[in-house]
Structures are given as C-alpha cells and as structure tokens.
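This report concerns only the one structure given below.
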Amino acid sequence: MDANRPVRYCRCGTRLARDNRVGQCAPCQTKAREFVTRPPELPGDFWDTDQFRDAFAAQHIGRVSRAYRKHPQHIAVYGKDGVPQSVVAGWLGLTQAQISRIESGAAVRHLDSLTHWARTLQIPEHLLWFRLPAESPSNDDARTADATRAAVPQQATPSPFLLQAPSFGLPLGDSNGYVSAMQSFRAADRQVGGCHLYATVLQYLQAEVAPCMFGVDHSSDGRLAFTAAAALTEMAGWMAHDAGRDQAAEQHFARSLDLGKLGNDRQLGMHILASMSHLAHYQGKPAAAIQYARRGSEALTHGPRLPELEARLLAMQARGYAALRRPAKCTQLLIEAERVLEAEPAEKRSPWISHFDEGSLANEAARCLRQLGDLGQAERQAERVIELRPGDRTRSRAFGQLILATVLIAQGRPDEACAVAQEVLDATQQLGSYLVVQQLLDLKRSLEPHRGTRVVAEFLSCLDEALRHRVWLYQWLAQDGRSDGTALGERR
C-alpha cells in the first residue's frame with residue numbers, strides 16, 4: 001500500500017520521507033523554528049523595492065514594517081499575507097496590536113525605538129533617515145549574570161524542568177500529541193508551579209509546534225498547528241504570571257489571542273479572554289478586566305453553550321465589581337455563575353481549555369467576598385476550596401488556604417491562621433510559584449501586629465526561614481530590575 005502513496009515534496013523541492021507529517025524537510029523545519037524567534041538572513045537586494053523606497057522616503061518605520069512583511073519574497077513562502085504581525089511582534093518584544101498601530105499610525109520619532117526596529121530587522125544603515133548610535137562594549141550582561149547568581153543560593157540545585165525540553169516522543173502535527181503535551185504540562189504545573197516549567201513550555205513551542213505553523217496552507221492540519229500554538233502560548237502566559245513576569249504574561253496572552261483567530265477552536269478565544277481578565281485584575285485594572293470578560297461572554301452567545309466557560313467569565317466580571325465596591329452587582333454575578341455551572345453543556349469542552357469547576361468558583365467567590373468585607377462567607381468559600389482541592393493540586397489548594405488565613409487574621413484569630421499557613425509551608429516546599437511566595441509575604445505583614453503572642457512569633461520565625469530558602473525565585477525579579485525581597489510585596 002505504501003508504494004501507491006503519492007510522492008510528497010517540501011516547498012523547497014526536497015522529496016519528503018513517507019513518515020514526515022510536517023510537510024517540510026529538516027532544513028526548512030530548522031528555518032521555521034528560527035523564524036519564530038528572529039528575522040531570517042536576507043540578501044542585499046531584498047530592500048530594493050518601490051514599497052521600501054516610499055517607506056524610507058516617508059521616514060515611517062511602520063510603513064517599512066508593512067513593506068517588510070508583505071515583501072514578494074515573504075509572500076512566496078508564507079502565503080498572500082506574508083509575515084504575520086504577531087511574528088514581527090515576537091521579534092521586537094511587542095504585541096500584535098502594537099505592531100498594527102505603529103504600521104497604521106503616526107510616524108515613530110523616538111530614536112531608541114527606531115534603533116531597536118532597525119537592528120532587529122537588520123535594515124542596512126545607508127537606507128535609514130537617522131543615525132544609529134555607536135555600539136560600544138559594556139559590562140551589562142556580566143552585571144546581570146552576577147545579580148542573578150547573587151539572587152540564587154549557591155547550594156540550590158537547578159530544576160530539571162529548566163535544563164531540558166520534554167521528551168514526550170510526540171508526533172509533529174498530530175492532535176493527540178499536542179493535547180498530550182498540554183495535559184502533561186498542566187499536570188506538572190499544578191504540582192511544581194510555573195517558575196519550573198515556563199522555559200520548558202517556550203522550548204516546546206519553538207521546537208515542536210513552530211515548525212508546523214509556517215509553510216503550510218490553512219487546511220485543517222494548518223489550523224490545528226495554530227490552535228495548538230495559541231493554547232500553549234496561553235499556558236506560557238499563565239506560567240510567566242506564576243513566575244512574577246506579568247509583562248511577558250500580557251504579551252503571551254495577546255499573541256495567543258491572535259494565533260487563536262487562525263485556528264479552529266471557538267472556545268479557546270473566550271478562554272484566553274478570561275485569562276486576560278484575570279491578569280488585568282492582578283494588575284489593578286478592574287474596568288479592563290470586566291471588559292475582557294464581557295467580550296468573552298458576548299462571543300459565547302453566538303454558539304453552543306458551555307456552562308463552565310460561561311461561569312468563569314461571569315466570575316471574572318464579579319471580581320471586577322468587587323474591586324469597584326459594587327457588592328450587589330458582584331453577588332448577582334456570583335449567583336448567576338453558580339446557577340450556570342449546574343447546567344448541561346450543549347457541546348463538549350475543548351481539550352485546549354482548563355476546567356472551571358465548583359472549586360474554581362469557590363476560589364473566585366472567596367476573593368470577592370474577602371474584598372467586600374463579608375468575612376463569614378469568605379471563610380466558608382475558602383474552606384470549600386480546600387475541601388474540593390486534593391493534595392496533588394498543590395498550588396490551588398495553597399491559594400484557598402492562604403485566603404482562609406487572611407480571613408482568620410481579619411476576624412481576630414491569628415493563631416488559627418498560623419496553623420493553616422504552616423500547612424501551606426509544608427506542602428509547597430518544592431513549588432516554584434512567585435504568586436504563592438508573594439501571598440506568604442502579604443500574610444507575614446498581616447501577622448506582624450500579632451507578633452506578641454507565642455504562636456505567631458514562632459510561626460513568623462518559620463516563615464522567615466522558609467522565605468530565605470525560596471529566594472531563588474528572585475532571579476525573575478533581577479531580570480526586571482528588582483532584586484530585593486521587599487519588591488515581592490509591591491505588586492498586588
């Protein structure tokens with residue numbers, strides 16, 4: 001039967017092996033992987049087009065970007081739209097929306113920004129309308145490395161998750177393979193946290209998913225690659241958030257939303273909007289968080305009903321109204337989310353989105369009620385989270401316990417809060433979660449006024465020791481220009 005199969009060729013003309021599921025030869029796969037992270041090397045005559053001449057004459061880097069993306073050479077390889085804006089955004093450390101605004105808006109005048117674009121896209125200097133600053137040797141990299149080493153205890157053993165890519169042995173371009181990888185990452189993340197896994201997910205995206213995204217048509221297989229990339233990029237956003245890197249998380253979420261539009265999963269886009277809403281809450285932007293969640297809820301009305309996704313979006317809106325001190329609206333949305341969650345789904349839940357169950361809703365309700373000052377109900381909801389989260393759900397169980405501890409302190413029960421928090425310390429010794437460490441620091445500040453009691457004093461001593469052992473997490477802070485322990489508590 002194999003002898004009757006038609007011979008297949010890569011776009012470059014190389015005959016493909018019969019077991020090649022990607023549709024690209026090995027050299028082209030390598031180029032595709034590199035293409036996601038940095039621009040390709042280009043011949044000198046690449047810049048010799050009328051579109052480039054007009055863009056340079058207009059002194060508009062956005063028009064240069066558009067001419068670059070839609071260059072005939074790129075259209076021949078990547079299709080009629082050329083290089084996607086989301087890919088250029090990745091090269092420059094921006095979002096797709098920012099690229100779109102720069103391409104269609106007023107000309108950028110800031111020299112640092114223009115220099116960054118010119119060097120990233122490797123624009124020949126003689127074509128530019130501005131002078132590139134001289135590149136002089138510096139010790140910045142050495143200082144950064146020294147700061148990172150100083151932030152990490154010398155006796156600490158590097159996590160194996162950061163040293164190697166996952167060896168799942170998964171076939172490229174295969175739906176079951178992508179979903180299996182997603183489930184494996186998700187299961188590990190629940191136990192060890194995003195700090196340990198973030199780099200590994202990025203490596204998997206580059207090595208396993210990226211080669212399938214480019215050089216293929218928008219058939220079902222092509223859309224599958226973009227769907228997998230969107231889902232895994234959204235997961236990378238959560239892991240970046242859990243590692244305290246919210247700017248990176250915001251960029252991941254924005255890019256995953258763009259990638260999802262090229263995929264074939266209706267639910268995934270609304271799931272990503274819920275994630276963007278969560279991050280906006282954490283950044284202290286309740287109005288933006290409500291808007292993201294509303295967008296998701298409105299999109300849900302145009303297809304079959306999925307109660308758990310609908311409930312999650314309602315809960316995100318409720319958190320926004322709690323932050324805005326609108327208890328009636330918040331309570332109404334939480335009650336509606338509880339009712340919706342009991343409904344039967346009209347379609348199967350997508351494998352690309354995470355569960356939102358009773359425990360998830362209880363966690364969101366506890367956050368809202370604590371913020372609104374309804375400590376009795378907040379305590380009951382936090383206890384519900386702990387009841388529904390088994391020991392292997394280390395991080396989410398810890399979040400419920402820490403909410404309960406803060407409620408107990410507010411109720412004048414600091415000794416009980418210390419007992420709950422001690423359970424968190426014992427269970428999260430191997431958990432790489434900046435968010436948990438941050439909440440422990442918040443808890444420490446709340447307990448300080450009660451240090452006069454023996455139980456609290458003894459626990460604070462244990463907490464200080466535990467936080468010193470987890471200082472390796474500060475390496476993320478060093479990269480963002482914050483290397484002192486107090487910085488952990490500044491973001492809320």
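The values are calculated or read from the model by the stated rules, or taken from the named source; none is laboratory data. Note that the structure is a prediction, hence the values are computed from the model and not measured. A quick note on method: Cβ atoms are made from the backbone with ideal geometry, for glycine too, and the neighbour counts reach across all protein chains shown.
Just a few scattered comments:
- Condition check for Glu298: under 14 Å from Leu341 (Cα atoms) and either of a type in the set (Asp, Glu) or assigned to a loop (DSSP other than H, G, I, E, B) (or both): no
- Members of region 97-125 that are hydroxyl-bearing (Ser, Thr, Tyr), surrounded by fewer than 15 Cβ atoms within 10 Å (Cβ to Cβ) and more than 15 Å from Arg66 (Cα to Cα): Ser113
- Which listed residue is under 27 Å from the mean Cα position of the chain (by Cα), more than 20 Å from Leu268 (Cβ to Cβ), surrounded by 17 or more Cβ atoms within 10 Å (Cβ to Cβ) and modelled with pLDDT under 90, from Arg395, Arg367: Arg395
- Against the test of being part of a helix (DSSP H, G or I), under 28 Å from Ala228 (Cβ atoms), small (Gly, Ala, Ser) and without any contact (Cβ under 8 Å) to a residue 24 or more places away in the chain, the options Ala254, Ala280 yield a single qualifying residue, Ala280.
- Some residue of region 352-364 being in a helix (DSSP H, G or I), aliphatic (A, V, I, L, M) and not assigned by TED's automatic domain parsing to the domain that holds Gln439: yes
- Checking Ile353 against (1) within 28 Å of Pro327 (Cα to Cα); (2) β-branched (Val, Ile, Thr); (3) in contact (Cβ under 8 Å) with a residue 60 or more places away in the chain, the condition it does not meet: (1)
- Condition met for Arg395 (in contact with a Ser or Thr (Cβ under 9 Å, 6 or more places away or on another chain) and basic (Lys, Arg)): yes
- Subset of region 324-345 that is at pLDDT 95 or above and among the small types (Gly, Ala, Ser) - its residue that is surrounded by the most Cβ atoms within 10 Å (Cβ to Cβ): Ala337
- Residues of region 239-262 satisfying the condition of being surrounded by fewer than 22 Cβ atoms within 10 Å (Cβ to Cβ) and in contact with a Phe, Trp or Tyr (Cβ under 9 Å, 6 or more places away or on another chain): Asp246, Ala248, Lys261, Leu262
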